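Here's the structure, in structure tokens; my notes come after.
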Amino acid sequence: MKKFVTGIALFLLCGICWGQQPAVIIPSFDLVDGATPRERDTITRYFMSDLANTKVFRVADRGNLEKRMAEMKFQTSDWSNSEKTAELMKGINADYVIIGTIVKRSDGLAVDAMLEELSTFEVIGTARVRMSSAEDAFDVMEGFVSNLVKNVTGSGPSGAVRPSSINRNTPVPANMVQVPAGTFSMGGNGDGDGKPIHQVTISRPFFMSRTEITQKEWVEVMGSNPSNWKGENLPVEMVSWFDALEYCNKRSQKEGLTPAYSGSGDYIRCNFNANGYRLPTEAEWEWAAKGGGKDFMITDYSGSNNPDGVAWYTNNSGGRTHEAGTKAPNSLGLYDMSGNVWEWCWDWYGTYSSGAQTDPAGASSGSSRVVRGGGSWASAAQGLRSAYRNGNTPSNRYGSIGFRVVRP
């Protein structure tokens, strides 16, 4: 991690103590894609000042942290590894850690931060802000800090309680990953109709399949293989939205779970309280693609700013699908959230609301269902972005559309 910010003002702020408030430790924000130390110094000064004004935390002494990080060769990505983080934090008196990045972009700077509770290693707050220059931090940092810490119990104007965390007593089903609850900024300015960017809260953790449903998994439930390119570990494709729902219900019944879907045609209903398999909502999908709060670095694609490392797309696919899980995962351990095949979601395809929402399930009606997936093997890099949206007629079947499943 880059050298810590120094300076008398920051030193004084780090010594501030507010009684019995929990202690937070703050490594220096990382610099990405050409952001400069001067820009970091300016942004950090405003960040620390506005953090002090919230009176939520006292800032812990980080005197030993830089030394321990150097000794362990601790990298930014290691913060998502609870074992390495626990080893790093031994002997360091802090309840929370705030990790952030400053990214140089063509239109200015992007700042991203994650608030992690060190007793559970759970992300309880994330915030993102963009500015044309570091000096603009004076105008935007107060809201950025407020969004970051609002889920700490008793903080914020409404005394909000942080979202429910991962249930560590629940066994993780085979080939699935548990995605935590949390709040994030959904959408993207460069993603077609991914505007307006708006706040979404996923109120409950859920399980999501680690990869797109493979042909082996499909055949085990449905008995036949409709895919254009055959291979047990290739994602199933040439399946409609209706086919995907049928698979979910049949797999639920096979495993003794309560099916989520009932009805037919345009009158299909989803019981989100059922314990069976279902398609993710569009919001659940994007939250998971963005790492469920773990991808605190601003990444254009799911898990990386380099599409070649995480996605099969037009530049490297050779015009076909590839075996699931052969590219790098995102920080939750989910594979192919960018590229390979598009993925059906539950929602009708419609425009976004600008207001904050909790557990949105899309438009009330429409003619197309949402497909996400950061594009497919046939997509250009722009279509691989985690916030990129598309829709398709639910009865259509294409060699570029598959799906993955979730369950409570």
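Suppose accessible area is computed on protein heavy atoms with a 1.4 Å probe; arrange 73, 216, 254 from highest to lowest.
Heavy-atom accessible area, descending, gives 73, 254, 216.
Where does the chain land at 222 nm, in deg cm²/dmol rounded to the nearest 500, when only DSSP H runs of n ≥ 4 count, each adding -39500 (n - 2.57), divided by all residues?
Estimated from H runs of four or more residues: -6000 deg cm²/dmol.
How much of the accessible area of the chain, probe 1.4 Å, is carbon plus sulfur, in whole percent?
Ligands and nucleic acids excluded, carbon and sulfur give 48 percent.
Enumerate the residues in the range 237-277 having an amide nitrogen under 17 Å from the point lying 7 Å beyond the Cα of residue 230 toward its Cβ.
Counting backbone N atoms under 17 Å from the label point, the list is 237-239.
Taking residue 55 as the anchor, which lysines have their alpha carbon closer than 20 Å to its alpha carbon, excluding any fewer than eight residues away along the same chain?
150
Taking the Kirkwood radius as the inverse of the mean 1/r across Cα pairs, report the Rg/Rh of the chain.
Expressed as Rg/Rh, it is 0.99.
Starting from the Cα coordinates of the range 343-408, work out the convex hull volume and express it per residue in Å³.
It is 113 Å³ per residue.
Using a cut-off of 18 Å between alpha-carbon atoms, which aspartates and glutamates can reach residue 250, once sequence neighbours fewer than 8 places away in the same chain are excluded?
By straight Cα distance, residue 250 reaches 212, 217, 220, 237.
Taking 7 Å along the Cα-to-C-beta vector as the label spot, tell me the residue 73-residue 175 distance in nanometres, rounded to one decimal.
That separation, rounded to one decimal, is 3.5 nm.
Once you've got the Cα coordinates, tell me which of 84/290; 67/290; 230/290; 230/254 are over 27 Å apart.
67/290; 230/290
Taking only protein heavy atoms and a 1.4 Å probe, what accessible area per residue, in Å², does the chain have with all protein chains in place?
42
Mind jotting down the three principal axis lengths of the range 199-333 based on Cα atoms? Whole angstrom, largest first.
Largest to smallest, the principal-axis extents are 42, 39, 27 Å.
Order 230, 150, 84, most accessible first, counting only protein heavy atoms with a 1.4 angstrom probe.
230, 84, 150
Apply the Debye scattering formula to the range 285-408, with a single equal point scatterer on each alpha-carbon and no solvent, then give log10 I(q)/I(0) at q = 0.16, 0.23 Å⁻¹.
Each listed q maps to, in turn, -0.75, -1.38.
How big is the charge dipole of the chain about its Cα centre, in debye rounded to the nearest 20, if each Lys and Arg gets +1 on its Cβ and each Asp and Glu gets -1 on its Cβ?
380
For a bin width of 5 Å, list the pair-distance distribution of the range 267-355 built from all Cα-Cα distances, rounded to whole %.
Over the range 267-355, the share of Cα pairs per 5 Å bin runs 3, 13, 19, 20, 19, 15, 8, 4, 0 percent.
The values are calculated or read from the model by the stated rules, or taken from the named source; none is laboratory data. The model shown is predicted, which means the values in this text are computed figures rather than measured ones. Note: ideal-geometry Cβ built from the backbone for every residue, glycine included; neighbour counts use all protein chains shown. What goes into the accessible areas is simple: the full protein's heavy atoms, side chains included, and nothing from ligands, DNA or RNA. Shrake-Rupley method; radii C 1.70, N 1.55, O 1.52, S 1.80 Å.
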